[in-house]
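Here the structure comes first, spelled out in structure tokens, and everything after it is commentary.
No value in this document is a laboratory result; all are computed from the given coordinates. Just so it is clear, the structure is predicted and the values come from calculations on it, not from any experiment. No Cβ is skipped: glycine too gets one built from the backbone with ideal geometry, and neighbour counts run over all protein chains shown.
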Amino acid sequence: MMEWTDRHFRYLARQLSRHTLLYTEMVTTGALLHGDAARFLRYDQSEHPLALQLGGSAPAELAACARLAEQAGYDEVNLNVGCPSDRVQNNMIGACLMGHPALVADCVKAMRDAVSIDVTVKHRIGINGRDSYAELCDFVGQVAEAGCRSFTVHARIAILEGLSPKQNREVPPLRYEVAAQLKRDFPALEIILNGGIKTLEECAAHLATFDGVMVGREAYQNTYLLAEVDQRLFGSAAPVRTRSQALQAMRPYVEAHLAEGGSLHHITRHVLGLAQGFPGARRFRQLLSVDVHRTDQPLALFDQAIELLDGR
Ligand SMILES: Cc1cc2nc3c(=O)[nH]c(=O)nc-3n(C[C@H](O)[C@H](O)[C@H](O)COP(=O)(O)O)c2cc1C
């Protein structure tokens, strides 16, 4: 998720769940090929399993980016066919590509030919003007034919004119039954459900139908949700980490980031999603979102935040 799932958030998420597949923010092919690729590709080894999400629609460029992802050690490269922003539509990136299944198939084929890591696609169940089930099957069918085995389905359509990206995550109704039908009609494909999932109970229930679930906003805004994923969904016997254990485990990472001249805020802005539902949560948020900008003792402030968690 743009602005949200940068490497610092992913590092935090990894402190809470060892097994969840994590995704980068979407990186456009233009940014990767003509910008600071090392910065976009940077991650910590502990973040595996990790997918790089690409935005683009030129097969040769996507192939080149997939190669960069593979060389950098990513486990998967995912093509974004779900983002509805105007900015990306003008560059033929994101959800508008649902109207061009043959092009998406060409993109997937070029990426698959270039790398041996998984090439996956994240998409909507349609776009305005192209939202019938037959058209969705045509899209998935063509892209599967090109070699994509795994589809992450954000189970609502995108409306490409007149709605903001935020509204496009809220206004078009969720239609899980459409994604479920897709799984029935393409049983050999991995179909991962996305959209509106908020609890591990819901995840477990959807896993009876789907091969996987993707949780976006809730995982960011209520990050501690991730703490029991390994135990409840992956069958791990490891003890559930407390918030303070997770932050304590991040201390060397924070120290290293500060030592290379980074600001504590780069990391702690992503820690605010841990601050729900315990006494002192307000003070914790204030410390990490306000005081953090004033302190000249960032590590001490981070330790203070851990203390406020009081073992929770
Ligand atoms: C701030 C923000 C940024 C997002 N950026 C991306 C992105 O870069 N790539 C993508 O595939 N989806 C992106 N999304 C959409 C989410 O991945 C997800 O599909 C959507 O929020 C629905 O799932 P949820 O209800 O679990 O959040 C973004 C969502 C938010 C809130």
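Here the Karplus relation 6.51 cos²θ - 1.76 cosθ + 1.60, evaluated at θ = phi - 60°, turns the backbone of the stretch 17-23 into coupling constants of 9, 7, 9, 4, 6, 9, 10 Hz, with x for every Gly and Pro. Near the amide H of L79, within less than 5 Å, lie the amide hydrogens of L54, T120, V121, K122, all on another chain or at least 5 residues away, with H placed in the peptide plane.
Name the shape class, rounded, prolate or oblate, that the alpha-carbon gyration tensor gives for the stretch 7-233, where a ≥ b ≥ c are the square roots of its eigenvalues, rounded holds for a/c under 1.5, and otherwise prolate holds if a/b is larger than b/c and oblate otherwise. Rounded, since a/c falls under 1.5. As a length-normalised measure over Cα pairs under 8 Å and 6 or more apart, the relative contact order of the chain settles at 14 percent.
The angle between the Cα long axis of helix 101-114 and the main principal axis of the chain comes to about 60°, on a 0 to 90 degree scale.
For the stretch 103-196, applying the loop criterion from DSSP together with a ceiling of 10 other beta carbons within 10 Å to the GluC sites (Glu not before Pro) yields E161. With a simple spin-label model that places each label point 7 Å from the Cα along the Cα-to-Cβ direction, the separation between D113 and Q304 comes to 5.9 nm. Straight-line cross-link reach from K183 at under 21 Å between alpha-carbon atoms covers these lysines, not counting any fewer than eight positions away in the same chain: K122. Computed across the stretch 243-309, the Kirkwood hydrodynamic radius from all distinct Cα-Cα pairs reaches 11.8 Å.
What is the stretch 76-126 by shape, rounded, prolate or oblate, if you read a ≥ b ≥ c off the alpha carbon gyration tensor as root eigenvalues and call it rounded for a/c under 1.5, prolate for a/b larger than b/c, and oblate otherwise? Judged from the Cα gyration tensor, the stretch 76-126 comes out prolate (a/c at least 1.5, a/b above b/c).
Here's how it looks for L160: its modeled amide H is under 5 Å from those of N128, which are all 5 or more places away or on a different chain. Note that the stretch 285-293 has calculated 3J(HN,Hα) couplings of 5, 5, 4, 8, 10, 10, 4, 4, 7 Hz, one per residue in order, obtained from phi through the Karplus relation 6.51 cos²θ - 1.76 cosθ + 1.60 (θ = phi - 60°); glycine and proline are x.
Computed on the stretch 168-292, with alpha-carbon pairs under 8 angstrom and 6+ residues apart, the relative contact order is 17 percent. Given the C-alpha centroids of the stretch 255-281 and the stretch 156-174, what is the distance between them in whole angstrom? A separation of 31 Å, based on Cα centres. Listed from fewest to most Cβ neighbours within 10 Å, the set K122, K183 follows the order K183, K122.
Rounded if a/c is under 1.5, else prolate if a/b beats b/c, else oblate: with a ≥ b ≥ c from the C-alpha gyration tensor eigenvalues square-rooted, which is the stretch 137-205? Oblate, since a/c reaches 1.5 and b/c is not below a/b.
Under 5 Å between amide hydrogens, built in the peptide plane, is the criterion, and for Y23 it picks out A51 among residues at least 5 positions away or on other chains. Each residue of the stretch 160-177 is assigned a 3J(HN,Hα), and the resulting list reads 7, 10, x, 10, 6, x, 5, 4, 6, 9, 10, 7, x, x, 6, 10, 4, 5 Hz, derived from the Karplus form 6.51 cos²θ - 1.76 cosθ + 1.60 (θ = phi - 60°), x at Gly and Pro. Counted residue by residue at 0.36 nm each, then reduced by the alpha carbon distance between them, the extension gain from R39 to Q231 reaches 65.8 nm. Its DSSP H runs of at least 4 residues, each contributing -39,500 (n - 2.57), put the calculated 222 nm mean residue ellipticity of the chain at -12500 deg cm²/dmol, to the nearest 500.
Between M250, M111, M214, the GNM of the chain built on Cα springs shorter than 10 angstrom shows M250 fluctuating the most.
Using Cβ point charges alone (K and R +1, D and E -1), the dipole size of the stretch 163-312 about the Cα centre works out to roughly 380 debye. In terms of other Cβ atoms within 10 Å, C65, C203 run from fewest to most in the order C203, C65. Under a Cβ-Cβ cut-off of 11 Å, what is the net charge of the residues other than H100 that fall near it, where Lys and Arg count +1 and Asp and Glu count -1? After counting each charged neighbour, the total is 0. Against the longest alpha carbon principal axis of the chain, how many degrees, from 0 to 90 and to the nearest 10, is the axis of helix 59-72 turned? Around 30 degrees separate the two axes. May I ask you to list the residues of the stretch 114-130 whose amide nitrogen lies under 12 Å from a point 7 Å from Cα along the Cα→beta-carbon direction of V171? Correct set: 128.
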